[in-house]
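A short worksheet on the structure shown next.
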Amino acid sequence: MRLRDEKLLPIWEKVQGGERLTLEDGLALYRTPDIIGLGKMAHHVQKVRSGDAVYFVLNQKIEHTNVCVLSCKFCDFAAKKGSARAYEMTTQEILERLTPDIKEVHITGGMPADWPWERYLDIVESIHRHLPDADVKAFTAVEIDFFHKKFKMSIEEVLRQLKAAGVRTMPGGGAEVFSERVRKLLFNQKIGAKGWLEVHKTAHRLGIPTNSTMLYGHVETLEERLVHMIKLREVQDETGGFLTFIPLAFQPGETGIKPSHRYTSAIDDLKTIAISRLMLDNFPHIKAYWVMLTEEVASIALNFGADDMDGTVGGEKIAHDAGALSPMALKKDQIIRIIRDAGKIPVERDVYYNPLRLHADHVIGKIPYLNSIAYHAHLHAPHHKILPVIPRRMGLLSEQGMIDGGLFSVMSFVQQSDQLESLGYGLASRDQVRSVMLFSKEGWRDLEGKRIGIIDDTATSVRLLRILLEKRYNVTAHFERLHSGVNDLSGLDAVLLIGDEALHHQKTGLPGFDLVYDLASEWYEWQKLPFVFAVWAVKKNLSEEMKDELRKALVDSLQKSSEDYWSIASAHARRLKLTKPETVDYLEGFTYCLGEREREAISRFAEMVEELEKAQ
Ligand code: SF4
């Protein structure tokens with residue numbers, strides 16, 4: 001990569017080596033005149049994490065009331081009860097805003113003194129009943145803290161009741177900037193960094209993933225922005241519960257904040273997006289929130305580190321009351337066009353970032369775990385775009401004809417054998433795999449009738465676990481589906497994890513679950529066969545030229561990766577808490593080219609699945 005500012009060179013080396021950036025690095029990035037170099041570095045990280053995907057959701061913003069007991073200086077939205085601008089929506093009025101295509105209902109608003117707790121629960125429950133296919137993302141940490149104080153319940157109890165009512169995730173608003181200096185100046189009645197982070201940590205512990213934000217472009221300093229990012233990064237190390245980071249460009253409105261009575265510049269917006277991507281190395285997504293950035297800047301941000309465009313929004317007041325220059329809503333077609341114009345795949349998603357629909361042709365899926373990195377670390381497939389997708393979702397997208405190929409879970413490959421053709425490669429363990437693990441409180445034979453949490457990512461590993469339990473150990477347990485990311489594990493007797501999460505916990509342990517079983521080792525000891533987890537397959541009706549091109553690209557990537565395991569290990573070992581030798585050892589433990597024994601293993605597994613399904 002050509003960089004014009006030589007101060008960026010050591011930072012680029014750190015980024016490539018998977019090293020964490022410091023506050024000083026962040027300042028050098030903010031101060032660089034080489035904005036294109038900065039953008040390219042962030043885009044590199046974005047591509048490694050998200051391939052060519054840019055996510056959006058069909059969502060509806062609900063600001064149920066603007067009546068608020070607080071008076072933050074920068075806020076143009078809030079009104080006092082009885083004033084001409086004040087409004088309060090009934091549950092019925094809220095439901096009338098929702099159309100059947102909506103997949104996410106995003107609720108935030110003011111904090112009126114006289115609403116009872118039941119009114120909030122009723123809003124969430126009614127939305128859940130009215131639109132069962134949509135998920136509710138509701139209430140900022142500031143609102144949660146308000147409920148906790150007003151209704152005299154612990155933060156945990158507030159969140160438990162909201163979760164039971166149907167809240168799936170939480171928005172990231174109210175963080176502003178984690179600086180006591182700024183808090184005293186602009187929002188001294190609101191919770192500060194400690195309180196905001198505590199609410200989010202509690203939500204993560206209860207299995208509610210959350211978003212995070214940073215309001216920038218007012219009176220904060222660059223150091224304060226970077227401290228904000230570093231604090232979020234530390235909590236993410238601890239909990240892993242943040243889904244996305246959303247830099248919110250300050251809208252000047254009519255507030256009395258001087259001399260910041262101006263919009264942020266596009267350069268500052270793009271730098272902040274890019275620097276967020278580089279600093280927040282443990283965040284899955286960075287959002288270009290078009291409502292505050294405008295569609296034009298958001299579009300450029302998709303090549304500056306952002307992989308998330310929020311959604312259609314369907315009418316937004318908070319930023320528009322403060323003078324936002326964007327439209328009140330965008331149509332789905334407009335979002336798709338913006339993403340396509342940036343050269344990316346428009347990916348319609350749910351609240352957990354699971355892809356529901358792709359709006360692009362010629363897409364191949366990559367499993368976003370270290371175990372499949374040899375296939376994509378050096379992949380050059382000039383006619384295809386790349387979508388990172390967990391194995392179970394890859395199968396679902398393939399059923400709908402949305403992807404040309406990828407590394408399919410063996411279960412999806414078997415189930416779709418009339419449509420998929422193997423390219424002769426896959427992912428098989430010779431004995432242990434270390435990334436498909438059962439963490440348990442009980443030994444195998446004591447799991448009879450017990451509750452086992454199953455991470456949503458997997459179709460094959462769930463079948464393998466069931467086969468081991470029922471056919472090898474003669475035990476029947478209850479499976480409960482968990483979603484990818486944070487979950488409330490209390491009450492479970494065992495948990496099945498796969499991929500990087502399993503790899504990480506097989507090293508560090510999973511608190512409360514002392515027994516650890518490697519499912520591939522169990523299978524090997526029993527069947528004396530390797531276990532094939534995935535098969536690289538393409539649509540049968542893909543042209544022969546495309547199949548050849550992909551096969552050659554895979555062979556080439558496998559070859560180059562095998563010569564490069566140590567630099568791959570350098571980039572990934574730290575985040576997985578592995579040493580470099582452990583990482584290399586892990587990568588070398590797989591069989592990629594599927595031979596006779598692997599084909600026999602697939603047939604044996606498929607027969608057992610069939611027997612099991614017939615018996616049910
Ligand atoms: S920013 Fe939020 S808490 Fe502050 S006055 Fe506005 S609505 Fe109320």
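Quick notes on this structure:
- Considering region 44-83, and only residues there that are among the β-branched types (Val, Ile, Thr) and within 16 Å of the ligand (Cβ to nearest atom), the residue that is nearest to ASP361 (Cα to Cα) turns out to be ILE62.
- Subset of region 461-496 (residues that are farther than 28 Å from ALA428 by Cβ and surrounded by 15 or more Cβ atoms within 10 Å (Cβ to Cβ)): VAL486, ASN487, ASP488, LEU489, LEU492, ASP493
- Each residue in region 459-481 was checked for being in contact with an Asp or Glu (Cβ under 8 Å, 6 or more places away or on another chain) and assigned to a strand (DSSP E or B), and 1 of them qualify.
- Residue selected from region 106-143 under the condition surrounded by 16 or more Cβ atoms within 10 Å (Cβ to Cβ) and of a type in the set (Phe, Trp, Tyr), by the criterion farthest from the ligand (Cβ to nearest atom): TYR120
- One residue stands out among those in region 84-105 that are hydroxyl-bearing (Ser, Thr, Tyr) and modelled with pLDDT of 95 or more: the one that is nearest to the ligand (Cβ to nearest atom), which is TYR87.
- Taking the criterion of being in a helix (DSSP H, G or I), within 16 Å of the ligand (Cβ to nearest atom) and open to solvent by less than 10 Å² (accessible area, probe 1.4 Å), the residues of region 147-185 that qualify are PHE147, VAL182.
- Note on region 186-203: residues that are assigned to a helix (DSSP H, G or I), touching a residue at least 40 places away in the same chain (Cβ under 8 Å) and surrounded by fewer than 18 Cβ atoms within 10 Å (Cβ to Cβ) amount to 3.
- For region 588-609, a residue qualifies if it is of a type in the set (A, V, I, L, M, F, W, C) and part of a helix (DSSP H, G or I), and the qualifying residues are ALA601, ILE602, PHE605, ALA606, MET608, VAL609.
- You will find that of GLY453, GLY401, the residue that is under 23 Å from LEU206 (Cβ atoms), out of contact with any helix residue (DSSP H, G or I) (no Cβ under 8 Å at 6 or more places or on another chain) and not in a helix (DSSP H, G or I) is GLY453 and no other.
- Within region 542-570, the set of residues being touching a residue at least 40 places away in the same chain (Cβ under 8 Å) and not in a helix (DSSP H, G or I) comprises LEU542, ASP564.
The values are calculated or read from the model by the stated rules, or taken from the named source; none is laboratory data. Please read these numbers as outputs of a predicted model, since none were measured by experiment. Virtual Cβ from ideal backbone geometry, glycine too; neighbours counted across all protein chains shown. Please note that ligands, DNA and RNA were not included when accessible areas were found on the heavy atoms of the full protein model with its side chains. Shrake-Rupley method; radii C 1.70, N 1.55, O 1.52, S 1.80 Å.
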